[in-house]
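The values are calculated or read from the model by the stated rules, or taken from the named source; none is laboratory data. Because the structure is a prediction, the values reported are computed rather than measured. Ideal geometry is used to build each Cβ from the backbone, glycine not excepted, and the neighbour counts take in all protein chains shown. Accessible surface areas use protein heavy atoms only, side chains included; no ligands, DNA or RNA. Shrake-Rupley method; radii C 1.70, N 1.55, O 1.52, S 1.80 Å.
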Amino acid sequence: MGEVRVEHLVKTYGPARALDDVSLTFPDGGFFGLLGPSGSGKTTLLRAIAGFVAPDTGRVIIGGDPVENVPVEKREIGMVFQNYALFPNMTVAENVGFGLEVRKVPGADRARRVAEALELVQLGHLGARKPHQLSGGQRQRVAMARAIVTQPRVLLLDEPLSALDKALRVDMQIELKRIQREIGITTIFVTHDQEEALTLSDRIGILKDGRLVRHGPPRAVYDDPQDAFTARFLGEANLFSGTPEAGGLRLADGALIAGCTSSTAAVRPENIAITLQEPEAPNRLQANLVQQVFGGAMGTCILDWQGESLKVIGRDQDMQGLPEQGPVWLSWDSAKTIALNG
Amino acid sequence: MSSLSARQDRIRAFTLLSPAYLWLTVAVFLPLSAMVFFSFLSDVPFGDREWHGTLENYQEFFQTSTYATLLWKSLKLGLMVTGISVLIGFPCAYVLAKVIKGRSREALFLLVILPFWSNSLVRIFSWAIVLRGNGVLDFAANAVLPWDVRINLMFSPTAIVIGLVHSYLPYVILTSYLALQAIDDSLIEAARSLGAKRRTILTRLILPLAAPGILAGAVLIFVPVVGSFMEPRLLGGRRGTYYGTVIEDQFVAVFNWPLGAALSFILLAVVLVILGAFSPILRRART
């Protein structure tokens, strides 16, 4: 076990910078989600920690030991691959036991630990099967068991749930979290699914073009994204740009976002109220309702404001009084205004 | 309705397969049938020769130990050439499939295929020029080494093996390459992440997964090498008498087609028995 730290990691592929001076600490026993669009460098960062990618410069420290010059097989890591990478020529038990076999753990001890690991992922009865006889969710569990049975210092997950269908993915998220809590291993996982990252992680890091844009606990990052990219990438956000003045942010149509001192403000779609009458709230503006999308308990309204598209999400019952289209008022609490840099 | 469409499917399948069946009939079934027929005759049924049905040709194989000895010699040659080809070919295939990337892989691939595109007779005579005394190899060795060496490999079993390995190596490289190519790199990465060293990855993962390809290549080599006659004759000279050359003699020199045909079918039977004995291993490798 232990803390994982990367310092000033740089990795270039030709002219492209896959990692551009990334420094980050992954706390001991934490569940850290690395998030970013494709090509943001999140997988490169994970593979650099695993040892499959040699950084041009920078350090990788696992449990206090610098490992830049340690090959993958000696880094004491556990890794779950996107396609699970189960060995097709071995049974489930042989797959799980492979890491122990390599470490020359004696047979009886090995069998016991394999059984324990399979029990942990609730597949105790499937040890004799071959991987091709398993469902996607079961393969995922075997891959987990195989990665943790050697008691690695860090568990690395590369988009572990992306190959599963939606319902199974939600189940596995809960399962993954349970397993991680039970063994308390430092876990780093890569995903492009922001919901998955918010659900699973106690800390997240957001990468863009090889740079670490933002990191912290999911709620803190969500509530205070600080820049437009993070605001839009993590959750959804309506962005308003204008000129800051004494009372707040003056928008192009004359509306004022009270108390906002920066030139760009973001408001989450779920924090905006839609009314037909002009409300009393300090932050209000008039927009044109373009479309209502019914989504069961929650509904989505698409609006046009000064040629820009806005989105509001609310309970369906609150939206029933609205017309299909036409002018409406939007308002929100000043506390829900997110000031962004730049 | 469903039986109608099932019938239509069958008709369509038959139509699509008919060229293949026609080809098999003309190219495989008819000539083989003719040879089976010949093998039971007392003489070739051409011109005004007298002939009648007999089992004598098959009996002749068992009457003297000559044929069995030669067959054993040929089987040993087959094993040796197959073994050497796999030992050379598998590492080549591994390098091609897993180490080299991009354009240089295509270039190397071309070099592997190249022997296929040259005439086998030309290939064998080229080897004769290289291997004979005062030949290319002799000359090159003397140019490099300070002391006087005589290299004359011509008309020796070594020359035959060299020629055969060169001819058949591409088969094992190609089949191994395809098998190795199918092994996902993430499997190797997973094994490394679990702490496996190169040797473990090779023996526990790559070799078992590539085994079907290696075996397929081995079979492709073993079968024709056991019956080979050109390399033994041209590179082996006086010592190049093998089972294949005896069969060739029956057809070309002695004009005893029935005996040649019978010897061919005995060879076919022996090869089939050997492959049959190995088939459980082949089948296990496939799962």
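Need one number: % antiparallel among DSSP beta bridges in the protein assembly as shown, to the nearest 5. Intermediate results must be reported in sequence, preceding the final value.
Details: 60 of 78 bridges.
Percentage antiparallel, nearest 5: 75.
Along the charge dipole of the protein assembly as shown, which of A:Gln291, B:Pro170, A:Gly307 sits closest to the positive end, that is, farthest toward it, with unit charges on the beta carbon of Lys, Arg, Asp and Glu (+1, +1, -1, -1)? Sorting the options by dipole projection puts first B:Pro170. Once the Cα atoms of helix A:136-148 and of chain A are each reduced to a long axis, what angle between those two axes, in degrees from 0 to 90 to the nearest 10, is obtained? Here the helix axis deviates by roughly 60 degrees. Compared with the dominant Cα axis of chain A, that is its longest principal axis, helix A:92-102 is turned about 70°. In the structure displayed, which of A:Lys42/A:Lys311; A:Lys104/B:Lys98; A:Lys104/B:Lys101; A:Lys177/A:Lys208; A:Lys74/B:Lys98 lie more than 24 Å apart, Cα to Cα? Beyond 24 Å between Cα atoms: A:Lys42/A:Lys311; A:Lys104/B:Lys98; A:Lys104/B:Lys101; A:Lys177/A:Lys208. Sequence-distant contacts, meaning Cα pairs under 8 Å at least 6 residues apart, place the relative contact order of chain B at 26 percent.
Other residues lying with their Cβ under 14 Å from the Cβ of A:Leu134 contribute a combined charge of +4, Lys and Arg counting +1, Asp and Glu -1. Each residue, A:Gln291 and A:Ala54, gets one label point 7 Å from its Cα in the Cβ direction; the gap between the two is 5.2 nm.
The coefficient of translational diffusion for chain B, derived via Stokes-Einstein from the alpha carbon Kirkwood radius under 25 °C and 0.890 mPa s, stands at 109 µm²/s.
The charge dipole of the protein assembly as shown, taken about the Cα centre with unit charges on the Cβ atoms of Lys, Arg (+1) and Asp, Glu (-1), comes to about 2100 debye, rounded to the nearest 20. Expressed to the nearest 5 percent, the antiparallel share of DSSP beta bridges inside the stretch A:4-229 is 55 percent. Within chain B, helices built from complete DSSP H runs that reach 18 Å or longer along their own axis (Cα positions) and carry a mean Kyte-Doolittle hydropathy of -0.5 or higher are B:2-24, B:65-94, B:103-117, B:157-181, B:207-226, B:257-286.
Per residue of B:183-191, other chain Cβ atoms within 10 Å of the residue Cβ number 6 on average. Distance from the Cα centroid of the stretch B:216-262 to that of the stretch A:41-60 is 59 Å (rounded to whole angstrom).
Judged by the mean number of other Cβ atoms found within 10 Å, the most tightly packed of the peptides B:164-176, A:93-105 leads the ranking B:164-176, A:93-105. Running a GNM on chain A with Cα contacts under 10 Å, which residue among A:Thr199, A:Thr43, A:Thr187 ends up with the highest mean-square fluctuation? Judging by the Gaussian network model, the answer is A:Thr199.
Hey, what number do you get for chain B at 222 nm if only DSSP H runs of n ≥ 4 count, each worth -39500 (n - 2.57), divided across all residues, to the nearest 500?
Values: 14 runs with 212 residues, N = 287.
Computed mean residue ellipticity for chain B: -24000 deg cm²/dmol.
Could you list log10 I(q)/I(0) for the stretch A:4-229 at q = 0.14, 0.16 Å⁻¹, which the Debye formula gives when each Cα is one point scatterer? Reported log10 I(q)/I(0), two decimals: -0.87, -1.11. Counting only protein heavy atoms and using a 1.4 Å probe, the accessible area of A:Ile61 comes to about 10 Å². A viscosity of 1.306 mPa s and a temperature of 10 °C, combined with the Kirkwood radius over C-alpha pairs in the Stokes-Einstein formula, give the stretch A:236-340 a diffusion coefficient of 115 µm²/s.
From helices alone, chain A scores -7500 deg cm²/dmol at 222 nm; the rule is -39500 (n - 2.57) for each run of n ≥ 4 DSSP H residues, then divide by the residue total.
How large is Rg/Rh for the protein assembly as shown, to two decimals, with Cα atoms and a Kirkwood Rh?
Details: Rg = 36.5 Å, Rh = 31.4 Å.
With Rg and the Kirkwood Rh in hand, the quotient comes to 1.16.
About its Cα centre, how strong a charge dipole does the stretch A:236-340 have in debye, to the nearest 20, once Lys and Arg get +1 and Asp and Glu get -1 at the Cβ?
Numbers: 6 positive and 12 negative charges, 40 e Å.
So the dipole magnitude of the stretch A:236-340 works out to roughly 200 debye.
Sort A:239-245, A:188-194, B:265-271 for me by packing, meaning the mean count of neighbouring Cβ atoms within 10 Å per residue, highest on top.
On the way: A:239-245: 15.4, A:188-194: 21.6, B:265-271: 17.0.
The peptides rank, most packed first, as A:188-194, B:265-271, A:239-245.
For chain B, a simple Cβ point-charge model (Lys and Arg +1, Asp and Glu -1, everything else neutral) yields a dipole of about 1340 debye relative to the Cα centre.
Are there GluC sites (Glu not before Pro) in the stretch A:260-342 that DSSP puts in a loop and that have at most 11 other Cβ atoms within 10 Å, and which ones?
Details: sites: A:Glu270, A:Glu280, A:Glu308, A:Glu324; in loops: A:Glu280, A:Glu324.
Passing both the DSSP loop test and the Cβ count: A:Glu280, A:Glu324.
Inter-label distance, B:Thr54 to B:Asn142: 5.4 nm, where each label sits 7 Å from its Cα along the C-beta direction.
Could you compute how much accessible area chains A and B hide from each other, both sides summed, with a 1.4 Å probe? Nearest 100 Å² is fine. Working shown, then result.
Values: alone 15900 and 17710 Å², together 31730 Å².
Between A and B, the summed buried area is about 1900 Å².
Centroid-to-centroid, using Cα positions, the stretch B:1-31 and the stretch A:310-325 are 64 Å apart. Farthest towards the positive end of the charge dipole of chain A, among the residues A:Gly107, A:Val154, A:Thr337, is the Cα of A:Gly107, using unit charges on the Cβ of Lys, Arg, Asp and Glu. Values of log10 I(q)/I(0) for the stretch A:141-280 across q = 0.14 Å⁻¹ run -0.78, by the Debye formula with one identical scatterer at each alpha carbon and no solvent.
Note on the protein assembly as shown: with neighbouring protein chains present and a 1.4 Å probe, carbon and sulfur make up 60 percent of its accessible heavy-atom surface.
Residues whose amide H falls under 5 Å from that of A:Thr57, counting only those 5 or more places apart or on a different chain, are A:Val10, with hydrogens built in the peptide plane. Within a Cβ distance under 12 Å of A:Asn69, other residues only, what is the Lys/Arg minus Asp/Glu net charge? Summing Lys/Arg as +1 and Asp/Glu as -1 gives +1. Using the 1.4 Å probe convention, the accessible area of the protein assembly as shown works out to 50 Å² per residue with neighbouring protein chains retained.
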